[in-house]
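**Q** What follows is a single structure, and I will ask about it in a moment.
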Amino acid sequence: MLAVAINYKGAVEEKNLGSILMKLFDGFKMVKLYPGDKLEEGRLQLCRPEGYEDLLEYIKESWNPSGSVLELRGPGVKLQRAVRHMFFFDEEKKFEKAFLEGCDGITDFPWAVQIAVVQLPVVGWEQDAQWFRKAEIIILNDSEREESREFAAKIKKLRPDTPLFIEKVFQEGLSKELQDSLEALFAAYLKKRKRIKEMLQEKQPEQLITCEQARRMAGELGAGLFLFGNVCDELGYRVTRCGLGCF
C-alpha cells in the first residue's frame, strides 16, 4: 500500500498537485478531504472505541464520474480515523495507491509519504520548523529569485538530506528530476513497508506484539513508529501494553 499525503504551506492558491500527479503516476486514486469542526450534539464518551459505521455517520462522501477521486467531508478527527479504516478494513474502498489532499497530512497521517508544497511568503518560520522537519520532499512553487534562494538555504540548513525543488509546478508541471525523486521516494516507502512486514511475520507470526517489541523492531529497521504501527494495522496485528499515542 502506498499512501502519499500532499501538504501545503504559505500563500498557495492552487492546491491541486494531486491532480497533476495522477496524470504522471499510474494506479493512484485521490482522496480529497474537506475537514470541518462542527459535530452533531450528543454525549461526550471517553475511552470508548468508535466503530467504522459510527464514524461514517459524520462523513459525507462522493466519487467523481470516473471513480478516481473520492471526496470526504466531515469533522477533521472523524476523517482521520475513517481514512485509516478505509485503507485497511473496508473491502470496497481499500486503496493500493492513494494521494491524500486537503488535510495536514504531516499531522493527521504521519505514516504516509509526506510531500510539502510551499508558496512564499511563509509566516512564522520558527513555528513551522518542526513541520518542515517531517516533510520527505519539499517543492517550492516559485522561480529562482533571491527570496526563493534564501528560503531554500534555510530548508537545507534545517534538513540537509531532504530533496528540495524550486519550480513552478502549477504553471509548468514537474521537471524530470522532480518526477524521478518522487519515484525513488515512493519505491523506498514500499520497500520499507515490505521489510516491516517480513520482520513481523518472521518474529511475531501470532499477530500479537507488545509496544516494547514494536519499538525495538522499528529501531532495527530505521522505521518511524507511526509507519511501523500502520503496517501492524495493515496486517491485523494487535499492539499490547502500548504507550499512549505511540502507534
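**Q** Checking residue 135 against (1) of a type in the set (A, V, I, L, M); (2) more than 21 Å from residue 13 (Cα to Cα); (3) in contact (Cβ under 8 Å) with a residue 60 or more places away in the chain, which test does it fail?
**A** (2)
Conditions (1) more than 25 Å from residue 99 (Cβ to Cβ); (2) in contact with a helix residue (DSSP H, G or I) (Cβ under 7 Å, 6 or more places away or on another chain); (3) outside any loop (DSSP other than H, G, I, E, B), marked per residue:
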residue	(1), (2), (3)
156	yes, no, yes
160	yes, no, no
171	no, no, yes
181	no, no, yes
190	no, no, yes
200	yes, yes, yes
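**Q** Looking at the structure I just gave you, is residue 79 modelled with pLDDT under 85 and buried (at least 18 other Cβ atoms within 10 Å of the Cβ)?
**A** No, not satisfied.
**Q** Report every pair of residues separated by at least 6 positions or lying on different chains whose Cβ atoms are under 6 Å apart, first residue within the stretch 69-86 and basic (Lys, Arg), second assigned to a strand (DSSP E or B).
**A** 73/34; 73/60
**Q** Moving to a separate point now. Looking at the stretch 191-212, which of its residues are at pLDDT 95 or above and loosely packed, with under 11 Cβ neighbours inside 10 Å?
**A** 191
**Q** Any residue in the stretch 165-192 that is on the phi < 0 side of the Ramachandran plot sitting within a Cβ distance under 7 Å of a residue that is assigned to a helix (DSSP H, G or I) and among the polar types (S, T, N, Q)? List the pairs, counting only those 6 or more apart or interchain.
**A** 166/148
**Q** Follow-up. Can you tell me which residue in the stretch 95-123 is modelled with the lowest pLDDT, limited to those that are surrounded by fewer than 18 Cβ atoms within 10 Å (Cβ to Cβ) and under 24 Å from residue 36 (Cα atoms)? Give the steps one after another, and end with the answer.
**A** Keep residues of the stretch 95-123 that are surrounded by fewer than 18 Cβ atoms within 10 Å (Cβ to Cβ), which gives 96-97, 104, 107, 110, 120-123.
Applying the additional criterion that residues be under 24 Å from residue 36 (Cα atoms) yields 104, 107, 110, 122-123.
Values: 104: 92, 107: 91, 110: 94, 122: 88, 123: 82.
Residue satisfying both the conditions and the ranking: 123.
The values are calculated or read from the model by the stated rules, or taken from the named source; none is laboratory data. As the structure is a computational prediction, the values presented were derived from the model and not from experiment. Please note: Cβ atoms are built from the backbone with ideal geometry, for glycine as well, and neighbour counts cover all protein chains shown.
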